[in-house]
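One structure, pasted below without further comment.
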Amino acid sequence: MNYVIAESTAEVIEVLKKANGLACIVAGGTDLVLDIDTGKKSAGTLVDIMRIPELKKIELVDGFLEIGSAATLTEIHSHPLVKQYFPSLAKGCRTVGSRLIQNVATLAGNVITAQPAADAGMSLSVLDPQFVLVDEGGTRICGVDGMYAGFGVSEVDSCKTLLTKIRIRIPNEHEAASFQRLELRKSLSLPMLNVAAMGSISGGHFDWVRLRMAPVGKGPVRAVQAEEWLAGQPVTPETFSHAGELALADAKPRSNPLRGSKEYRELTLPVMVERALLDIAIQLNALEG
């Protein structure tokens, strides 16, 4: 196997082009290396992007926080700008695996692996992120729903396409986000359930809410019925509770011997939704009563 340490995005695209589908991008490699070792994936060449300076940046650009695809989870969750503007994203990045994994794994990789309950990707999903993708045809921008093709299957072919950065609009003073996780233990444990929410509140009512949950289907699943109903509803515990019940309409959890039964997840999912909405209300000092 060949191993290329790329120095620029142009070099990455050139190597991928010449390899004609037999090369693959590697960042932290915490999933890819294991998949190659077990035979799930193969590559004649690995193209390491971790030393490309522009892909390591975390910075504010024109009202957006831009996170380079080579920034590690530790670099993200410890960064002052992330902690200031997106504490829920910092929380999601901080719950992945263990500190050793966070030191090498990336947020971009957490999305590309397309595991539905990947904590960093889940916490990111409700922030309306823009994914900047580059291939030999040029640059394009993709939303979160365009990143997940199926369970563990990404729409992005890392043998042809490089995710360069993730852009997230800075929230205004009426907006906040939350990430909630249910687990068996605090580290090295896949979530039994996780829920992410972002919303805007004014005049004691929700203006809008984005709500996603996992693992209850392909990727971070939208709770569409709950989102639509929440617009204009008062910020009360009763609202949180009803939204949690509505979220079940879009959830299709499965039984798993390590992560809980279908029935258990259906009982606990509404509670996770309630907690996420309550957290948003507390952050915005908007809870009635």
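Could you list, in sequence order, the residues of the range 144-174 that are in a strand (DSSP E or B) and either among the β-branched types (Val, Ile, Thr) or crowded, with 17+ Cβ neighbours inside 10 Å (or both)?
The answer is 148, 153, 154, 162, 163, 164, 165, 166, 167, 168.
Quick one: what pairs do we get from the range 93-104, first residue on the phi > 0 side of the Ramachandran plot and of a type outside the set (Val, Ile, Thr), second surrounded by fewer than 19 Cβ atoms within 10 Å (Cβ to Cβ) and part of a loop (DSSP other than H, G, I, E, B), C-beta under 8 Å, 6+ apart or different chains?
Every condition considered, the pairs that remain are 97/187; 97/188.
Additional query: Does residue 83 satisfy the criteria of being in a helix (DSSP H, G or I), farther than 19 Å from residue 160 by Cβ, without any contact (Cβ under 8 Å) to a residue 24 or more places away in the chain and assigned by TED's automatic domain parsing to the domain that holds residue 114?
Against the criterion (in a helix (DSSP H, G or I), farther than 19 Å from residue 160 by Cβ, without any contact (Cβ under 8 Å) to a residue 24 or more places away in the chain and assigned by TED's automatic domain parsing to the domain that holds residue 114), residue 83 qualifies.
Still on this structure, please answer the following. At least 1 residues that are touching an Asp or Glu at 6+ places or on another chain (Cβ under 7 Å) and touching a residue at least 40 places away in the same chain (Cβ under 8 Å) in each: list the strands (runs of 3 or more DSSP E) lying fully within the range 30-71 that qualify.
Those strands (runs of 3 or more DSSP E) span 64-68.
Next up: May I ask you to list the residues in the range 18-29 that are in a loop (DSSP other than H, G, I, E, B) and loosely packed, with under 12 Cβ neighbours inside 10 Å?
20
Next up: Against the conditions (1) under 16 Å from the mean Cα position of the chain (by Cα); (2) polar (S, T, N, Q); (3) part of a helix (DSSP H, G or I); (4) surrounded by fewer than 24 Cβ atoms within 10 Å (Cβ to Cβ), where does residue 115 fall short? Just the number, please.
(3)
Also, I was wondering about something else. Just give me the residues in the range 187-207 being surrounded by fewer than 23 Cβ atoms within 10 Å (Cβ to Cβ), out of contact with any Asp or Glu (no Cβ under 8 Å at 6 or more places or on another chain) and in contact (Cβ under 8 Å) with a residue 24 or more places away in the chain, in sequence order.
Residues satisfying the conditions are 187, 188, 202, 205, 207.
Kindly check whether there is at least one residue in the range 257-275 that is touching a strand residue (DSSP E or B) at 6+ places or on another chain (Cβ under 6 Å), more than 19 Å from residue 190 (Cα to Cα) and at pLDDT 95 or above.
yes
The values are calculated or read from the model by the stated rules, or taken from the named source; none is laboratory data. Keep in mind that this is a model prediction, so the values were computed, not measured. Using ideal geometry, Cβ is built from the backbone for each residue, glycine included, and neighbour counts are taken over all protein chains shown.
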